[in-house]
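The values are calculated or read from the model by the stated rules, or taken from the named source; none is laboratory data. Source: prediction; values computed, not measured. Using ideal geometry, Cβ is built from the backbone for each residue, glycine included, and neighbour counts are taken over all protein chains shown. Side chains are part of the model used for accessible areas, which takes the heavy atoms of the whole protein and leaves out ligands, DNA and RNA. Shrake-Rupley method; radii C 1.70, N 1.55, O 1.52, S 1.80 Å.
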Amino acid sequence: MRAPRTRRAWPYGLLGLAVAASLAVVVPLATAPAAQAAEPVVVATSTFEDGTTQGWVPRADETVAPSTAAAHTGSGSLLVTGRTRSWEGPVLDLLDTVELGTRYTLSVWVRLAAGEADAQARLSVERRTDGTPSYDQVVGNTTVTAGTWVNLQGQYTLAQEVEFLTVYVETASGTPALHIDDFALSYVPALPIQTDLPSVKDVLAGEFPIGAAVSRAQLIGNHAQLLSKHFDSVTAGNAMKWDATQPVEGEFRFTDADAIVAFAEANGMQVRGHTLAWHNQTPSWVFADTAGNPLPVTAASKELVLTRLETHIREIAGRYAGKISAWDVVNEVIDEGQSDGIRRSRWYELTGLDFIRTAFRVAREVDPAAKLFINDYNTNVPAKRDHLFNLVSQLRAEGVPIDGVGHQMHVNVDWPSVSETEAMLTRFIPLGVEQQITEMDISIYTNSGESFPTPPQDRLLRQAYRYRDLFDLYRRYSADITSVTLWGLADDDTWLDSFPVTRIDAPLLFDRQLQAKPAYWGVVDPSQIGVTPTPTPSGSPTSSPSPTASPTSGPTPTPTTTPSPTPTVNPTPTPTPTPTPTPTVPAGSCRVSYSVAGQWPGGFQGEVRVTNTGTSAINGWTLRWTFTAGQQLTQAWNGTGAQSGSQVTITAATWNANLPAGASVSVGFLADWTGSNPAPTAFTLNGSSCTVS
Ligand code: 9MR
């Protein structure tokens, strides 16, 4: 489906390329991960400056109305009152606006009406196909308050034809009145894929199949072309997991998984099945009684969950029998923090190791052609590796049909060393099992305090050498390694953009516009690293890592060892600009936009974007503002942060000290807050006032 985009008369029009740049200034899209190599095209905005609701309507019987009681920019917003259920909220029809397969950024600012207690808001999409509704979360629960505007921003790709498509703001619970403002829907136009490059799968032919984890949305358009050109194996990133295939007991959904298997068959690709038993993305009903209460640890509970496991595996592995090259039968069952090395998941608590035995037995029975794998992350970490070795040895000795060990290989530009990775592979050779690299990606970050607005060129080069060295290793062990899969197709869709913190990562072989990166050359022809131009823009030559850990962390996986130095990379030195003494900034020649990227009880992450609106370069800058409600800066990146009393000072890093006329720089920070968290209203750059947008 290519839905027409020109029918609806938006109050602010359907905006094409010509006006995209100016609107992107009003709505700070530069914070969106998508904005790396090209200007975003803004498809729709709602600023509520004209005293209308600009197409927004209630979801049910609540009231939406224009308001001037609060505004994120200008003087108007949209106020929603009279909500009686948490899912009620302002809704906008996107059916004629959104195209299949395009990755959009959706951004909206939310603030609770005066006097409302803090709540959790989220941004969601409702779509319907053949009358069946589905609800997709674009931005998960985010704390919103009456004191400040909070930005909900996320990505969304429509992957199947629909007859109904809307976006809406709701709350997790409660029914507070709320304002929204400055909604924007945008996308970065995809470039045609490069067809004159060697295919990765051809370069690796004879060594092992090369795969990518994908969603259904990546089976469309340029993504599909990139996938079929370079890869001869595919893994469903989420579509075969329990929450996707049996969200409710006895209700199986295979639409997305079927589409991935059909694409693979049509393109002569293998399919890795992922995954049959895992502690994540497993619905709570699996471990609950019919009333929804958690099952007690009893023999009856054990029998019940093993029956549920068997039923699940018979359905899904049976459905695709003969079409799957390998199943990740169980995922992430090792916890090296336990003396016996076994993760205390609900599976384990209720069944001991029997869930593993049952899963392998049933999978073998229903799909005898599939190789059966036990899959885990951080298998290079000696303690974890050895626990995995012991478990596989024990179970194989019992006759459990484990054919192979999957090493996820979620690694970074510094960690782990090639020698540690080699020790990971050699450890399992005596067992006579197959080994596969199942989820590889190489984060450009080495700790959770770092954040770059665009991937720095030196990191991309370090990453390319890491890909070179690790693929060299894999090739040396190609007799033992039967498949290598990357956890994603291109940098426009990677789980690492939101793990362990929200930031722009670039862990794969192709960039956000699907063009080959130095990392691609690291795999295909290392002599071309840094030689063959790629469209990836130059980034900053150095980073300013923050010393402390980030406020949030996800479930999996985190390196558990201290990252080692980088003996295997050949970083190409990049010249570091020399800062000059801080110059005077003419009054009015800077503009600042301040946003809260995320907020949680007691803390928040902010971003300040500074634009040099003057006619000459600013070479060296210091940005200052005042926190008016007792907020306290705790760390900053892309600049050095300090706070004295209520005044915050951010001094440029070496690499972003030079701000040419018209250029912008973004600084990120973490801060504490209590009570309320109002945005600062005044900023100075080298002592001169900036306009605030
Ligand atoms: O890529 C997956 C991401 O979209 C999901 O949000 C996440 C949630 O559990 O799972 C990701 O995939 C994981 C994989 O299934 C198992 N190993 C770790 C992967 C990254 O978290």
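Overview of values
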read-out: Residue 396-residue 323 pseudo-label distance in nm [points 7 Å out on the Cα-to-Cβ vector]; value: 3.1 nm
read-out: Additional length obtainable on full extension of the chain from residue 691 to residue 160, 0.36 nm per residue less Cα span; value: 186.8 nm
read-out: Relative frequency of Cα-Cα separations exceeding 11 Å in the range 467-512, percent; value: 70 percent
read-out: Cα-based convex hull, the chain, per residue volume (Å³, whole number); value: 164 Å³
read-out: Label-point separation in nm, residue 262 to residue 63, each point 7 Å along Cα→Cβ; value: 4.8 nm
read-out: Added length on full extension, which subtracts the Cα-Cα distance from 0.36 nm per residue, residue 344 to residue 194; value: 49.3 nm
read-out: Where labels lie 7 Å past Cα in the beta-carbon direction, separation of residue 386 and residue 587 in nm; value: 7.0 nm
read-out: With every protein chain in place, the chain: carbon and sulfur % of accessible area (1.4 Å); value: 52 percent
read-out: Long-range amide H partners of residue 445 with built H, under 5 Å; value: 413
read-out: Global form of the range 399-543, assessed from the alpha-carbon gyration tensor, a/c cut-off 1.5; value: prolate
read-out: With eigenvalues of the C-alpha gyration tensor scaled by 5 and rooted, the range 259-390, Å; value: 26, 21, 12
read-out: Segments 306-315, 85-94 sorted - mean Cβ within 10 Å per residue, highest first; value: 85-94, 306-315
read-out: Antiparallel content of DSSP bridges confined to the range 307-445, in %, to 5; value: 5 percent
read-out: In degrees, nearest ten, helix 17-26 long axis to first principal axis of the chain (Cα); value: 80 degrees
read-out: Where the Cα pairs of the range 209-296 fall when distances are cut into 10 Å bins, in %; value: 17, 42, 23, 12, 5, 0
read-out: DSSP bridge orientation in the chain - percent antiparallel, rounded to nearest 5; value: 75 percent
read-out: J(HN,Hα) series, the range 309-320, from Karplus relation 6.51 cos²θ - 1.76 cosθ + 1.60, nearest Hz, glycine and proline x; value: 4, 5, 4, 4, 5, 4, 5, 7, 5, x, 4, 9
read-out: Cα-derived Rg to Rh of the range 37-172, Kirkwood definition; value: 0.95
read-out: Nearest-10 value in Å² for the accessible area of residue 301, using the 1.4 Å probe; value: 10 Å²
read-out: Helical mean residue ellipticity (222 nm; -39500 (n - 2.57) per DSSP H run of 4+; nearest 500) of the chain; value: -6000 deg cm²/dmol
read-out: Cβ crowding within 10 Å averaged over residues, with 214-225, 188-199, 503-514 ranked highest first; value: 503-514, 214-225, 188-199
read-out: Using θ = phi - 60° and Karplus 6.51 cos²θ - 1.76 cosθ + 1.60, couplings along the range 40-54 (whole Hz; Gly, Pro as x); value: x, 8, 8, 8, 7, 9, 9, 10, 6, 8, 9, x, 10, 8, 6
read-out: Listed pairs 371/517; 241/384; 241/371; 229/384 exceeding 26 Å between Cα atoms; value: 371/517; 229/384
read-out: Potential extension, residue 116-residue 85 segment - 0.36 nm per residue separation minus Cα distance; value: 9.6 nm
read-out: DSSP bridge orientation in the range 392-516 - percent antiparallel, rounded to nearest 5; value: 10 percent
read-out: Residues whose placed amide H lies under 5 Å from that of residue 679, excluding near-sequence neighbours; value: 149
read-out: Accessible surface, the chain, averaged per residue in Å² (probe 1.4 Å); value: 36 Å²
read-out: Rounded tilt (10° steps) of 221-230 against the dominant C-alpha axis of the chain; value: 40 degrees
read-out: Solution diffusion estimate, µm²/s, Stokes-Einstein, the range 396-460, Kirkwood Rh from C-alpha pairs, 25 °C, viscosity 0.890 mPa s; value: 173 µm²/s
read-out: In degrees, nearest ten, helix 354-366 long axis to first principal axis of the chain (Cα); value: 70 degrees
read-out: Around residue 289: net Lys/Arg minus Asp/Glu count, Cβ-Cβ under 14 Å; value: +1
read-out: About the Cα centre, charge dipole magnitude for the chain (Lys/Arg +1, Asp/Glu -1 at Cβ), debye; value: 720 debye
read-out: Stokes-Einstein D (µm²/s) once Rh is taken as the Kirkwood radius of the range 113-189 over alpha-carbon pairs, at 4 °C in 1.567 mPa s; value: 93 µm²/s
read-out: Alpha-carbon spread of the range 139-250, three principal axes, descending order, Å; value: 61, 41, 29
read-out: Charge sum, other residues only, whose C-beta stays under 12 Å from residue 474's C-beta, Lys/Arg counted +1 and Asp/Glu -1; value: -2
read-out: Neighbourhood net charge (9 Å Cβ-Cβ; Lys/Arg +1, Asp/Glu -1) for residue 80; value: -1
